[in-house]
Amino acid sequence: MPRLLLLLPTTTYRAEAFLEAARKLKLDVVVGSKRAAMREDLGDAAFLPLNMHDLEEAVRSVVEFARTTPIDVVVGVDDHTTVVAATISTALGLPHNPVTAVAAARNKHRMRELLHAQGLPVPRFALFSVDDDPKELVAPSPTPLPGGERVRVRGEIGFPCVVKPISLSASCGVIRANDRDEFVAAFHRVAALLERLGEEALGEGAGKILVEDFVPGREVALEGLLTNGELRVLALFDKPDALDGPFFEETIYVTPSRLPAAVQREVASCAARAARALGLGEGPVHGELRVSDRGVWVIEIAARSIGGRCSQALRFATGMSLEEVILRHALRMDIPSLDREGSAAGVMMLPIPRAGMLEEVRGLEKALAVPGIEDLEITAQPGDELVPLPEGTRYLGFLIARGETPATIEAALRAAHRQLEFIITPAPAATQRSRVMIF
């Protein structure tokens, strides 16, 4: 029986889906995580305590464990644990992506450098320290920038621009600035967020802020699988809500995409080139790309699958889940087909409307009664503190829908969301703080 080491962060939505896929495949599972309380949710899986923020210690622990309990494959489920998984796989001599490639996919600045060097269409960018004075970074441009703007952020990054951390996900800390005053405010806000989260949550992203051009256009999400360096697109999601800022909260994903076939091919080609530029060759990839009047632009390529509960929107041949596909691929097991089921599907990540303490969610039955809605899960619990973007990184829950067309799916998700009422009360001042939920 193959043995899987599944690396889980201390807070994640991903555990259940991967554990269910492992049970279906009859794998012997060892869960590596820092949180001992997780043992209660593992079922038959074994537990290996790992501090994945101390990489050397984690590798030593796994190597020692593997001397008596051999491991066949190591899988991480988020941006950080995929780096740990690649490092452990190297130590165990198991197939894996290069550690440098996976680490680059997590570091937005390093990603930009590699993609730019390979001629990929990426926004102009610059890296700064939280100790920099943002007022000193803004200066008149000696030549007019596109649109006639004559103000720039060190170099030729014009307004509007985007200010962001280099190692967080789910749009946490990502802010658009349209002028000098907004840029200064956004820079200070991101710097405060990074200081609050601390080095353990941020890793090499601690104290660093990326500034880049804002790329207008429609944003899409690509879910893919790399095999021997070749990308197979599993799904292309439209994001029908405009993501123009000032914050970039993602809500609805719908597949199949309604973009013209030629544009979809260009998106897939761009994502494949981006994966190669980073050095990725095996396993899942999740890409965020923008389609503008100047072509397709790469926003991010992650060496992992889609986050949250969003993978529930995808079903493959013989009822396989995305997580089963990933595990079969990692173990070189037969995959009957990577074709998706014929129906359209979508997910809505329920946004947090305002800060406070969640008291109650009403209208659940009415939302589930909307035609096309397959599932509704409220992941926030009564009493939880809710932190909206750009400081927060969690959602209230997830709506899943299936139907005949992308348009009907989008309409169903919006209709179901309108049925929900979130009762949120002000949070006590002593408890007001940001918390990070890793997808």
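Taking segment 114-123, which residues are crowded, with 18+ Cβ neighbours inside 10 Å and part of a helix (DSSP H, G or I)?
To start, the set of residues in segment 114-123 that are crowded, with 18+ Cβ neighbours inside 10 Å comprises 114-115, 120-123.
Answer for segment 114-123, where residues must be crowded, with 18+ Cβ neighbours inside 10 Å and part of a helix (DSSP H, G or I): Leu114, Leu115.
Considering only segment 285-297, state which residues are aliphatic (A, V, I, L, M) and within 10 Å of Leu222 (Cβ to Cβ).
As a first pass, look at segment 285-297 and keep what is aliphatic (A, V, I, L, M): 285, 289, 291, 296.
Residues satisfying the conditions are Val285, Leu289.
Only one of Glu391, Glu410 is of a type outside the set (Lys, Arg) and surrounded by fewer than 21 Cβ atoms within 10 Å (Cβ to Cβ); which? Break it down stepwise before answering.
On the way: Glu410 fails: surrounded by fewer than 21 Cβ atoms within 10 Å (Cβ to Cβ).
Answer to the selection: Glu391.
Identify all residues within segment 232-265 that are without any contact (Cβ under 8 Å) to a residue 60 or more places away in the chain and either charged (D, E, K, R) or open to solvent by 20 Å² or more (accessible area, probe 1.4 Å) (or both); write none if there are none.
Val233, Lys239, Asp241, Ala242, Pro260, Ala261, Ala262, Val263, Gln264, Arg265
Looking at segment 357-368 only, could you name the residues that are assigned to a strand (DSSP E or B) and either of a type in the set (Asp, Glu) or within 22 Å of the chain's Cα centre (by Cα) (or both)?
Taking segment 357-368 first, the residues assigned to a strand (DSSP E or B) are 357-362.
The answer is Glu359, Glu360.
Please go through segment 309-356 and give me each residue that is within 16 Å of Leu236 (Cβ to Cβ), in contact with a helix residue (DSSP H, G or I) (Cβ under 7 Å, 6 or more places away or on another chain) and in a helix (DSSP H, G or I), ordered by number.
Ser311, Leu322
In segment 284-308, which residues are among the β-branched types (Val, Ile, Thr), in a strand (DSSP E or B) and under 22 Å from Thr12 (Cβ atoms)? Before you say what the answer is, go through the steps one by one.
Start the filter on segment 284-308 by keeping residues that are among the β-branched types (Val, Ile, Thr), which leaves 285, 291, 296, 298-299, 301, 306.
When the remaining residues are screened for being in a strand (DSSP E or B), the result is 285, 291, 296, 298-299, 301.
Once the filter is applied, which keeps residues that are among the β-branched types (Val, Ile, Thr), in a strand (DSSP E or B) and under 22 Å from Thr12 (Cβ atoms), segment 284-308 yields Val285, Ile301.
Need pairs with beta-carbon distance below 8 Å; first residue free of Cβ contacts under 8 Å to residues at least 40 places away in the same chain and within segment 114-142, second part of a loop (DSSP other than H, G, I, E, B) and crowded, with 20+ Cβ neighbours inside 10 Å; sequence gap 6+ or separate chains.
His116/Val122
Leu331 passes all but one of (1) touching an Asp or Glu at 6+ places or on another chain (Cβ under 6 Å); (2) closer than 30 Å to His96 by Cβ; (3) not polar (S, T, N, Q); which number fails?
Failing condition for Leu331: (1).
How many residues are open to solvent by 30 Å² or more (accessible area, probe 1.4 Å), without any contact (Cβ under 8 Å) to a residue 60 or more places away in the chain and of a type outside the set (A, V, I, L, M, F, W, C) when one looks only at segment 202-231?
Qualifying residue count, segment 202-231: 2.
What tally of residues in segment 1-20 results from selecting those that are assigned to a loop (DSSP other than H, G, I, E, B), open to solvent by 20 Å² or more (accessible area, probe 1.4 Å) and not hydroxyl-bearing (Ser, Thr, Tyr)?
Residues in segment 1-20 being assigned to a loop (DSSP other than H, G, I, E, B), open to solvent by 20 Å² or more (accessible area, probe 1.4 Å) and not hydroxyl-bearing (Ser, Thr, Tyr): 2 in total.
Would you pick out the residues in segment 56-71 that are touching a helix residue (DSSP H, G or I) at 6+ places or on another chain (Cβ under 9 Å) and crowded, with 17+ Cβ neighbours inside 10 Å?
Residues satisfying the conditions are Ala58, Val59, Val62, Ala66, Ile71.
The values are calculated or read from the model by the stated rules, or taken from the named source; none is laboratory data. Because the structure is predicted, anything quoted here is derived from the model rather than measured. A quick note on method: Cβ atoms are made from the backbone with ideal geometry, for glycine too, and the neighbour counts reach across all protein chains shown. Keep in mind that these areas ignore ligands, DNA and RNA; they rest on the heavy atoms of the full protein, side chains included. Shrake-Rupley method; radii C 1.70, N 1.55, O 1.52, S 1.80 Å.
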